[in-house]
């Protein structure tokens, strides 16, 4: 960190800053400039220690150096993390196309949907059983019954299953059914849940919070990595902005930024990012062109009968179309699909 | 809801919309306008049913009527909810001044702080034992040990204790120590936690999520109310915007908006809303002038030794000053403090 | 518009609403629902008239129907607007690749840059002479001298010239040099400037304001179209959000949304949208994959000598690379470049 | 500025940074830390020079020190700027209560309104003649005719007149009628307009842009101050956020932040900040409690006949009420009204 003193700072003020830095275990260096004195402390300094520096007399500003995440960073691990889930490897040259219903509704719907995923060349199945809903009066998912349906559809079609976990108490039950634990946007900073999935042997797909910065997303992944679970995928699913024309704003900048600063795979969710099936294809293609490692897509055989989020679901024929175009874009950016 | 048809809509399209509405249990009425046809459905319609309407052929737009929350609304309950916690009544004419440390650190610090609260005329004690921290490398709170310290300080000084719950598994343990369960901003849409505190007999202080709309805050309170816990306080603690000059943006509009549309008490937290002890007093006074039912204020006897959030903590003498001014503003808006 | 009455509304209240609608020149229709009465007014209603309705007794809500822009909308004009500027046609199957320096600095730099644009297969030259700078102490551009340099470079290389106009008083002077008048993000709601360029014979590139909604962007274009200038291009250049990892957040959703709802061409500016030359290529490819009609790219032969915005400038070899990849992506989405 | 080198930086890289700093006219100092090397440059460094540093080899980050505005800052001028306009002094102990119609509509309405301002104890008249409207189809103001009406009403009642200027070409005409030139939110970064009003002898009320940071607002004021016009008032009028329950989000934190960091007076506009007459009073009181130097309030004798923004206008009796309460709050914070 760099501690910038006020112009009014006395030598004694500077000494206090230096003592505090030494007390915190650091080696301070002082620069007496023409206008101001600056104390530099090299090495990682935790946020709590920086906060304290701001309180000392005649300190003008305390500026962090470097990034606060470590295990998730490219400088910690240079090569891409690749995550193997059944036959699917995420983070390598092959793209992931994970599709499925917003929610499991019936055995027939989940089966029919899983078959459509395979037919379109998809290699993963997504589906919700526990649904985080803004209103308590909305459909909340089928719970464990939904997981059973999803697991059956996933087994029959040999597709790894991605499903959301909403509470620490569900962990051991969820582990019986799913291949990847999804942490939803609303729980990105539910730290007890992050710690719990960090103890699991299953890979984790971590969605960016609705108003989380990329630094916060990486720090949330750090909670999981620090518990020993190295198989974390990051997911850009749109952020909340002032714009209301679309459900969320898909932050496409996030994809190359995350790939540059972290070794973790990055998945895009254009269904939630747009909230409108008509916008899903162009935004999905954009994500792949920008370097995403895969897509999470909602589909439904009959969106107008969906119990949740029908307006953003593609029908199977649209998924076929999308899959073909993704495959062509993939080649341009040095990737493959199928 | 109002279903606005596209200009191209046929009579058959309109019929389909009407049938779907009847299927959903509603009574649709049709208006054939000069340019467009509109189908109106009166009565409450859940979001999931509105979503389905948007998918029917030649539907242009589906517009909700009325508010999606019910139990939290003024139209459901006209008089202010008053919540009794030990000797403190929140939501009546007396204001709440709940102060304390960001985190319990030592027995001495919590005791000293609680005494300072009483001395300043405060009537509630706040303090964290489980801390939601952005980075896994930051101080995470003392856990149950912290709660013990806080309870002792609260008992000695006869101040009701407010503390944050971070996980459903902690509920029964927390209930042994605290008088009010606080749900933090990061957990405002941790719906399993909302359901759990909805089953508790303790009052709940629900903080607005960092990017939650007021409607979402009220729907989150609805999760708690719907489980039978009527003692919910809402808390405005600043929202995330593009502005970085302050830690958060305190949405003072929220206070009169919530008081107008809901019967629940509204508490303001100027410490987190500003992140800067120099801004706490003016923003606290603003909150009271705007109609808040109370304040949540962080204090520390020696902020430069605080383990967390020192820069936003007032020292005891500043709390005294604040308390006096709050008392004067209170009179102007028909309230009292002390 | 739909006027939703409060439950407490009397027949008299409803009558007043109907009279006001008639006074405004509309034909109101009333629906007496089980819970509420609703008055529907079909046809376009201007915002000012809707605002007045909200003030009548026992009116609960006034809901607009349809979109407030007309000339810019797809329903007004179904086919894509194509804009011919010298040999370049924007909005057809060929993509626009408009590149150049942030600012004209010297005759040599502008010439060298224009040659690099041609070499990379670009078909338009961008360059600033009047620079809107946040600080009065930053480089403000060379003014008319800069335009002269840019025009010379543009003429020699037969590239149409795009440059920003900052004030109504500059219009006739600017028209001597440029082929396209660019209205910058900070001036998107400088309505007098919009009216002025609406009177010009030159095409206009209208950048989205830093926090403008897509509806506001289209309404800003409506100011220009309404004055008779039909040659308007819209430009997505990133919006301001809470995220600080990148200079702006590129709203890629905006591209398909605008193409769907308007007939005007849509250009993407990944240089300002990211502020970081390392992110320009992936975001540029994303924009084309999402359906943009062209790109606006900042380049500089020696970014570390640039007087403004060097960190987001590509060097000529990077533009070559980008151009090749754009060309490949173009084919996948049914477009061409070169 | 502080230039933080990458860990991989060689001595030669560091030398290049130092040479560039010397070339820019600064005196660099180097600190060789355990992990990284840091080059510190004291004294003001303009943004353009910092940008260039970011481009040198193995530079990790360039961090500004100090604030980029100068003339507007408290450290440049310690005492409060007081602006005398007729009998009104803004920025002293007396508060400003500037009220009036959104727009001049008729001679009768402006006169009636001005009289209501005087009756309520107001000391300034606001009113629009040139209206920046999102849609070209909305009421655009009466132009110079409106100014004539407003001036007459202002003269008769001896109230200084505040009115918005929208274009540089209007300046000399506006100066004939108004006492204060208002620059609207949409023009806060219309730099040619800022320069023009900077040359005027009239005081300027500068509204914060819809998504402007406080630093940008102060830099916009710096454009005016740098041209020699020292009489600038800043105005907080709400910012654009994700929240849609109110028209804008009133950033009450801005008031104490601006007062602390600048010597310029700060006026609050709760009418635009809320967009709802029912919220104007509580938010106005909050602004005064937080330390604002005055209020800008929209009133209309008959809001349901207003040509623009009726829903946010108070009626004269409400202004009376507000004025009394402001007067009481004023005393608590050491100010007066009437």
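Total residues in the range A:256-269 satisfying the condition of being out of contact with any strand residue (DSSP E or B) (no Cβ under 7 Å at 6 or more places or on another chain) and either more than 9 Å from chain C (Cβ to nearest Cβ) or within 16 Å of residue A:113 (Cα to Cα) (or both): the figure is 1.
Checking each residue in the range D:206-246 for being within 11 Å of another protein chain (Cβ to nearest Cβ), surrounded by 21 or more Cβ atoms within 10 Å (Cβ to Cβ) and more than 11 Å from the chain's Cα centre (by Cα) picks out D:211, D:222, D:223, D:224, D:225, D:239, D:240, D:241, D:242, D:243, D:246.
In the range B:147-176, what residues are in contact (Cβ under 8 Å) with a residue 60 or more places away in the chain and assigned to a strand (DSSP E or B)? Residue satisfying the conditions is B:162 alone.
Looking across C:111, C:142, C:97, one residue alone is part of a strand (DSSP E or B) and under 27 Å from residue C:304 (Cα atoms). It is C:97.
Inside the range A:45-64, residues that are within 14 Å of chain D (Cβ to nearest Cβ), under 29 Å from residue A:261 (Cα atoms) and either outside any strand (DSSP E or B) or touching a helix residue (DSSP H, G or I) at 6+ places or on another chain (Cβ under 7 Å) (or both) make up a count of 4.
Taking the range D:177-191 on its own, how many of its residues are part of a loop (DSSP other than H, G, I, E, B) and under 21 Å from residue D:125 (Cα atoms)? Spell out how you get there, then give the answer.
Here is the first cut: in the range D:177-191, the residues part of a loop (DSSP other than H, G, I, E, B) are D:177-179, D:184, D:188-190.
From what is left, the residues that are under 21 Å from residue D:125 (Cα atoms) are D:177-179, D:184.
The number of residues fulfilling the criteria is 4.
Considering only residues in the range A:290-309 that are at the interface with another protein chain (Cβ under 8 Å from one of its Cβ atoms) and out of contact with any strand residue (DSSP E or B) (no Cβ under 9 Å at 6 or more places or on another chain), the one that is nearest to residue C:332 (Cα to Cα) turns out to be A:304. Of the set (1) surrounded by fewer than 20 Cβ atoms within 10 Å (Cβ to Cβ); (2) touching a strand residue (DSSP E or B) at 6+ places or on another chain (Cβ under 7 Å); (3) within 14 Å of another protein chain (Cβ to nearest Cβ), all apply to residue B:130 but (1). A residue that is in a strand (DSSP E or B) and either buried (at least 23 other Cβ atoms within 10 Å of the Cβ) or not assigned by TED's automatic domain parsing to the domain that holds residue B:294 (or both) occurs somewhere in the range B:65-77. Go through the residues of the range C:32-44 one by one and say whether even a single one is assigned by TED's automatic domain parsing to the domain that holds residue C:304, in a strand (DSSP E or B) and in contact with a helix residue (DSSP H, G or I) (Cβ under 7 Å, 6 or more places away or on another chain). Within the range C:32-44, not a single residue is assigned by TED's automatic domain parsing to the domain that holds residue C:304, in a strand (DSSP E or B) and in contact with a helix residue (DSSP H, G or I) (Cβ under 7 Å, 6 or more places away or on another chain). Any residue that is buried (at least 24 other Cβ atoms within 10 Å of the Cβ) and over 14 Å from the mean Cα position of the chain (by Cα) - is there at least one of those in the range D:256-271? Yes; the residues of the range D:256-271 include at least one that is buried (at least 24 other Cβ atoms within 10 Å of the Cβ) and over 14 Å from the mean Cα position of the chain (by Cα).
For the range A:247-254, the criterion of being closer than 19 Å to residue A:117 by Cβ and in the same structural domain as residue A:215 (by TED's automatic domain parsing) is met by no residue.
Of the listed requirements (1) within 13 Å of another protein chain (Cβ to nearest Cβ); (2) farther than 25 Å from residue C:47 by Cβ; (3) in contact with a strand residue (DSSP E or B) (Cβ under 6 Å, 6 or more places away or on another chain), residue C:178 misses just one: (1). For the range D:199-230, a tally of residues being free of Cβ contacts under 8 Å to residues at least 60 places away in the same chain and either farther than 16 Å from residue C:132 by Cα or assigned to a loop (DSSP other than H, G, I, E, B) (or both) returns 16. Within the range D:222-238, one or more residues are in contact with a strand residue (DSSP E or B) (Cβ under 9 Å, 6 or more places away or on another chain) and farther than 27 Å from residue D:75 by Cβ.
Could you tell me which of the residues B:14, B:38 is more than 21 Å from residue D:244 (Cα to Cα) and either under 34 Å from the mean Cα position of the chain (by Cα) or more than 10 Å from every other protein chain (Cβ to nearest Cβ) (or both)?
Checking each option against the conditions leaves just B:14.
The values are calculated or read from the model by the stated rules, or taken from the named source; none is laboratory data. Keep in mind that what you see is a predicted model, and the values were worked out from it rather than measured. Counting neighbours? That spans all protein chains shown, and the Cβs are built from the backbone with ideal geometry, glycine included.
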